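See below for the structure under consideration.
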Amino acid sequence: MIDRLPPQTGEWIDRTQKVQFEFEGRQYTGFAGDTISTALRAHGIRVLGRSFKYHRPRGIWSLSNLDCNGMVESRQETNIRADVHPITQGLSVKAVNTFGGVDRDLAAGMDWLSPFLPVGFYYKAFHTPGRLFPFYERRMREMAGLGSVNPKKSLEHTPKRYDFCDVLVVGSGPAGLSAAVSAAEGGVQVLLVEENSRLGGSFCYQMARDPEGRKLHADLLARAQSLKNLELRTSTVAAGYYADHWIALIDSTRMTKLRARSVIIASGCYEQPAVFRNNDLPGVMLASAAQRLIHQYGVRPFREVVVLAANSDGYQAALDFVAAGVRVPALADLRPHGEPSPLAEQVKAAGVPIHNGTGVYEAIAKLGLRSIAAATLAPLDSEGRVQLTQSFRIACDGIAMSVGWTPADGLLRQGRARMRYSRKLEQYVPEKLPAGLFAAGRVNGIYGLKEQVEDGFCAGREAAAHCGARLADTTDRPPRNGPARSHAYPIFPHPKGKNFLDLDEDIQLKDIEHAVQEGFDNLELLKRYSTFGMGPSQGKHSNLNALRVLCRLTNQSLEALEMTTARPFVNPIRLGHLAGRIFSPHRQTPLHERHKQAGASFMQAGNWLRPEYYTVPGKTRQEAILEEVTAVRQRVGLIDVGTLGKLEISGTDAAAFIERIYTGRFAKLQPGMTRYVLMCEESGVIIDDGVAARLGPDRFYVTTTTSGSDAVAREMRRWAIVWGMKIVLVNATGTYAAMNLAGPHSRRVLESLTSLDLAPETFPYLGVREGEIAGVAARVLRVGFVGEWGYEIHLPADSAVWVWDRLMEAGRDFELQPFGVEAQRILRLEKGHVIIGQDTDGLTHPFEAGMNWAVKMDKPFFVGQRSLAILARKPLTRTLVGFSLSKNHTGPIPKECHLVIDSGEIAGRVTSVTFSPTLGQVIGLAYVKPEQSKLGSSIEIRVERADMIRATVVRTPFYDPENLRQTPAAALQEVS
Amino acid sequence: MNLSSSIRRSPVHDCLEELHPIWGHIHNMKVPLRFKEAASEVKLKSELSLCDLSCLPKTSVKGPESLAWLADAGIPVPENVYGCCSLGDDGLVIRTDRHEVFLEDGPASHRVSELEHELRSHSSGVYLVRRQDASFLLTGARSNAVLRETCGVDFSQPPDGVVMTRVAGASCMLLPLQPEEASAFRFWLDPSYGSYLWNALLEIVHDQGGDAIGLDAFFPSFGQPTQ
């Protein structure tokens, strides 16, 4: 390991444990605690990956998830961040986005083609000639994207978990540790999360050689570890901030859904780059990355480095490099007057020449771009422009940039903090925080070690007090003092370009300039057109500089600019973490197993599982369904209708309530009878239907559609409160099972199981009776949804199987057949019965659905009446009619939603259609123009491939229009 | 009793059948008495177990006169909404609303059916709400870990009475039975979601090293084994 340094105090690696791993087919050795990038760098490997568009060689740049230069994949996982992913024994990875490997990437030529790939080029090319688009699309898909998904990957369960705390602290640097200790000492439950594997944040790399810093780190850590009410979690990212302090925490095994009572964000800052030519090549990196390499991983980042600084952090970094044996031939300070602190003298004393008011104009690449050979420095004029005539070259193999910071404020923004740009600090700082959210440390614009600790202490106390801890008043927060740690504009144009603002997306300075020239001068448009900030790093290293360029080009100020919206997740997370253990609640009736045993093929109906039909060996689906229809028409069938909504409404105002809720008349409905109910919303639109059974003077039992029960119950409760009515409403949908016994023999089957008098004189059509069926208390309704003599039996769910089995036994002699949803749909369509939500849509009112008969406009009041009164005065624009195709029809059959066409215009659509085995022809319902609704009219329906077929408007019901099937005489007659 | 003719079935009967229990009956419902040896199930009960208690009869009484009617019937009603007290003989009374009370019998008591019968002849102001809830009991030292995967309520801060919440996405009424230890929880939910929740919870219980157990572990003297 040619670039491995001697052991460093506080390093994160364990040199007693060697780890073998493979990169790009070659074996390497690292130490436990190394990441993939650091272990490779220790071996002198500088090229870790290839850039997205131009396939330029890339290496370590931030070492802290601010870039995706090092993205690798293994057999099991893709898009692994090499900078932060630990090496494990036997790990085998290769770089993503290469053709032929990272060293000999065949797509490297894309860099030479860059003049032909300007910003937004894909919007301007590849659309002509149109016939080539499939070719273009395939090539684009091959070139774009990063890692590849392995569909054969073994399944891992990553179940999510809930967790709770009083105070969550994000970040374990000086401010974070101090805040956590302070809050815990205030007596509340505290959880501190740190995304790295060790606690300490900037203690671990910026202050690693500072005795005061090391002591403070150790002290805070010892205090934190001694507090029983403070839990410390490393390798855990706070990835998303949701309402009411709900935070998504991500670790290697799961997502934890944490609910905190208050949150302290002490997540620090992201170091920002300077923009100059070739600022992306291996060897050019952020100064903090180089410090991490040295102090945390014991790796020498360069042999000779030019430091580009605009703050004291750059000087500290220079001293760290010297101490690590790295030669520093120059420190270029962008500031005209340089560093005011004693650090400047220390750097000079270390033998580092300092050039004030000087920038890096260009990194000179070696052949192949795999490393740099020198840096071109040049003084800056008073406007910050490079004075090329005075430029000079310095040989080096690295450039370390320390020109500024931007707060890691993603969580703050997601938490609805308002940020403002501070000219004093040249960074965004929190201006207004919602209750329970606190910021501390550098993310709060507080620099200086002592000040960060103090700021954290105060934040901890505030957060604990927010949770109800009684604490003495704290001192004021330390002020946000300058000087600014960030340069206002570290961006230098170059005629040859390749000065990158966004490394993820290969966005150069000229790309932003061109986009603004093309008119994309608004931040939202510029972002989407240029794609800056849209790569895996989501703008952590590019947003601020892009904003600076936009402001300069459009003469705006950063203070006035509104940032784009910050949304979860702060870092990319695995989809498996999001999926977790999938909970997908579904409902079953108590007869579910009986249906399975009978060979049911199930379908989803809302969140219920229902039998679509019952499979029959040797028969197709269609044949089986038609058999079920025939069984009901000619003998007797049994269907589970337990999914229907069932509401019990009782109380002195029950009848008046029903009268108001539904469009029909119920005040005089006698106990023992039922009536169809239609429910509209206040706009007059139909929202549900069912049957209301009056069980007593003050007792009603009402059914709703399968999908409507919860919404209807909610709406009823709301209206009851609004009207101040004395009712008791119970949603008994799951409490009762229900089954419909229908067909000419239904009465004979049922009467063997009950002592109820089923004679039509005593139990007429639309009647309801309470009694026992097979010894079980039940409500029996004589309803006719499918158009045959039938009984809908409602009974307690726990007895459903018993009664179903008794009915099946009793029906054996009559060839009783269970039937499913599809057969029921055909049967009801033959009777012309409407299904709410299928034959009606979000705008359908009763008049256009032909349901005038269900609406009693002369009632004093019902919900929707006023709107219907207005609609009744307007001409209809569409009407629902029945249609049929000729019995000799051959060719395609319409489907639901096929359009009705009149004179080349859309006149309506088909809502229901089926082949009717009873009638021997195709029938259906469709919306048509009112002038097309005359019986016998011919309408045209456009089917697949734009073919047109003719249908005839006919009367509904299609079957048994006189309702003779409900008369006693017809009970046992088969259909002729 | 001939178990094949038991009229009542648990909402999760088919799920239980797949586990091949030793069957018994309680309150006219076929119930699993044991799945394993008794000693194993007692051990699981203290570590992590899931048991179906849907057999226990339940009802609700609702209406402006309901509290007075229950008081006349000698039924104690908790003072606070969501409060819980004993009905005697392992039964429970839970006040689910200002004027609504949920009652559940223990394995040997019949108070629920008695009350339902009495209510039939009562006049206005008190209404019977039939209950067919699926009902489970989750017990053991690791039971809170199962809830941590399925429920967003913090049971380390023990609530006073029942909690109306969601468990694995299904709406439930949840009662911590031993709040300080967070080691035993009752669930009641709409029976149509019963199979879903039973399977979801059992999968997690298995992952955490627990298993389903029968009613013998809780009510050893009541279940009659199958012939």
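The values are calculated or read from the model by the stated rules, or taken from the named source; none is laboratory data. Here the structure is a predicted model, which is why all the values come from computation and not from measurement. No Cβ is skipped: glycine too gets one built from the backbone with ideal geometry, and neighbour counts run over all protein chains shown.
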Residue in segment A:704-726 that is under 49 Å from the mean Cα position of the chain (by Cα), assigned to a strand (DSSP E or B) and away from chain B (no Cβ under 14 Å) present: yes
Selected residue (only one of A:L331, A:L308, A:L367, A:L319 is part of a loop (DSSP other than H, G, I, E, B) and not aromatic (F, W, Y)): A:L367
Check on A:L525, surrounded by fewer than 22 Cβ atoms within 10 Å (Cβ to Cβ) and in a helix (DSSP H, G or I): yes
Qualifying residue in segment A:484-505 (condition: β-branched (V, I, T) and either part of a loop (DSSP other than H, G, I, E, B) or within 25 Å of A:A180 (Cβ to Cβ) (or both)): no
Some residue of segment A:77-100 being under 23 Å from A:Y529 (Cβ atoms) and in a loop (DSSP other than H, G, I, E, B): yes
Count - residues of segment A:361-395 that are within 30 Å of A:D105 (Cβ to Cβ) and either without any contact (Cβ under 8 Å) to a residue 12 or more places away in the chain or touching a Ser or Thr at 6+ places or on another chain (Cβ under 7 Å) (or both): 7
Answer from A:A713, A:A693 - the residue that is surrounded by fewer than 23 Cβ atoms within 10 Å (Cβ to Cβ) and touching a residue at least 40 places away in the same chain (Cβ under 8 Å): A:A713
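Let's see how each residue does on (1) within 14 Å of chain B (Cβ to nearest Cβ); (2) at pLDDT below 90:
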| residue | (1), (2) |
| --- | --- |
| A:D521 | no, no |
| A:E524 | no, no |
| A:S557 | no, no |
| A:G580 | yes, yes |
| A:H592 | yes, no |
| A:S601 | no, no |
| A:Q604 | yes, no |
Test: residue in segment A:541-552 that is more than 17 Å from A:D504 (Cβ to Cβ) and polar (S, T, N, Q): no
Number of the condition not met by A:H55 [criteria: (1) in a loop (DSSP other than H, G, I, E, B); (2) in contact with a Ser or Thr (Cβ under 6 Å, 6 or more places away or on another chain); (3) of a type outside the set (F, W, Y)]: (2)
Complete set of residues in segment A:723-741 that are under 20 Å from A:P590 (Cβ atoms) and touching a Leu at 6+ places or on another chain (Cβ under 9 Å): A:V730, A:N731, A:A732, A:T733, A:G734, A:Y736, A:A737, A:A738, A:M739, A:N740, A:L741
Given (1) modelled with pLDDT under 95; (2) closer than 20 Å to A:F583 by Cβ, index of the condition B:T150 fails: (1)
Residue pairs meeting the criteria (Cβ under 7 Å; at least 6 apart or on separate chains; first of a type in the set (A, V, I, L, M), in segment A:819-847; second part of a loop (DSSP other than H, G, I, E, B) and modelled with pLDDT under 95): A:L827/A:V786; A:L827/A:G787
B:D154 vs. criteria surrounded by fewer than 16 Cβ atoms within 10 Å (Cβ to Cβ), assigned to a loop (DSSP other than H, G, I, E, B) and acidic (D, E): no
Extreme residue, farthest from the other protein chains (Cβ to nearest Cβ), among residues of segment A:629-672 that are farther than 29 Å from B:R130 by Cβ, in contact with a Leu (Cβ under 9 Å, 6 or more places away or on another chain) and outside any loop (DSSP other than H, G, I, E, B): A:R633
Qualifying positions in segment B:124-173 - aromatic (F, W, Y) and either more than 26 Å from B:G106 (Cβ to Cβ) or more than 7 Å from every other protein chain (Cβ to nearest Cβ) (or both): B:F136, B:F155
Boolean, A:A566 is in contact (Cβ under 8 Å) with a residue 24 or more places away in the chain and of a type in the set (G, A, S): yes
Positions within segment B:186-203 being at the interface with chain A (Cβ under 7 Å from one of its Cβ atoms) and of a type outside the set (D, E), in sequence order: B:P191, B:S192, B:Y193, B:S195, B:Y196, B:A200
Options B:R111, B:R131, B:R120, B:R148: the member that is under 24 Å from A:R254 (Cβ atoms) and either buried (at least 20 other Cβ atoms within 10 Å of the Cβ) or not polar (S, T, N, Q) (or both): B:R148
Some residue of segment A:385-394 being surrounded by fewer than 22 Cβ atoms within 10 Å (Cβ to Cβ) and among the hydroxyl-bearing types (S, T, Y): yes
All positions within segment A:558-593 that are among the polar types (S, T, N, Q) and either farther than 30 Å from A:H794 by Cβ or surrounded by 15 or more Cβ atoms within 10 Å (Cβ to Cβ) (or both): A:T564, A:T565, A:N571, A:Q588, A:T589
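For (1) modelled with pLDDT under 95; (2) within 14 Å of chain B (Cβ to nearest Cβ); (3) surrounded by fewer than 24 Cβ atoms within 10 Å (Cβ to Cβ), each residue gets a yes or a no:
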| residue | (1), (2), (3) |
| --- | --- |
| A:A248 | no, yes, yes |
| A:I264 | no, no, no |
| A:P273 | no, no, no |
| A:M285 | no, no, no |
| A:E304 | no, no, yes |
| A:R335 | no, no, yes |
Inter-residue pairs, beta-carbon under 8 Å, first in contact (Cβ under 8 Å) with a residue 60 or more places away in the chain and in segment A:475-491, second buried (at least 16 other Cβ atoms within 10 Å of the Cβ) and among the β-branched types (V, I, T), 6+ apart: A:S486/A:V403; A:S486/A:T406; A:H487/A:V403; A:P490/A:V275; A:P490/A:V403; A:I491/A:V275; A:I491/A:V549
Leading residue by the ranking (surrounded by the fewest Cβ atoms within 10 Å (Cβ to Cβ)) among those in segment A:606-621 that are polar (S, T, N, Q) and at pLDDT 95 or above: A:T620
Qualifying helices (runs of 4 or more DSSP H) (wholly inside segment B:1-99; at least 1 residues being within 14 Å of another protein chain (Cβ to nearest Cβ)): B:13-17, B:66-72
Of all residues in segment A:660-682 being polar (S, T, N, Q) and buried (at least 16 other Cβ atoms within 10 Å of the Cβ), the one that is nearest to A:A869 (Cα to Cα): A:T663
Top-ranked residue of segment A:751-780 - restricted to ones that are crowded, with 22+ Cβ neighbours inside 10 Å and more than 14 Å from chain B (Cβ to nearest Cβ), ranked as farthest from A:A654 (Cα to Cα): A:V780
Failed condition for A:R635, given (1) closer than 17 Å to A:V780 by Cβ; (2) surrounded by fewer than 21 Cβ atoms within 10 Å (Cβ to Cβ): (1)
Inter-residue pairs, beta-carbon under 9 Å, first within 24 Å of A:T98 (Cα to Cα) and in segment A:12-25, second of a type in the set (G, A, S) and not in a strand (DSSP E or B), 6+ apart: A:Q20/A:G90; A:F21/A:A39; A:F21/A:G90; A:E22/A:G90; A:F23/A:A39; A:F23/A:A82; A:E24/A:G101; A:G25/A:G101
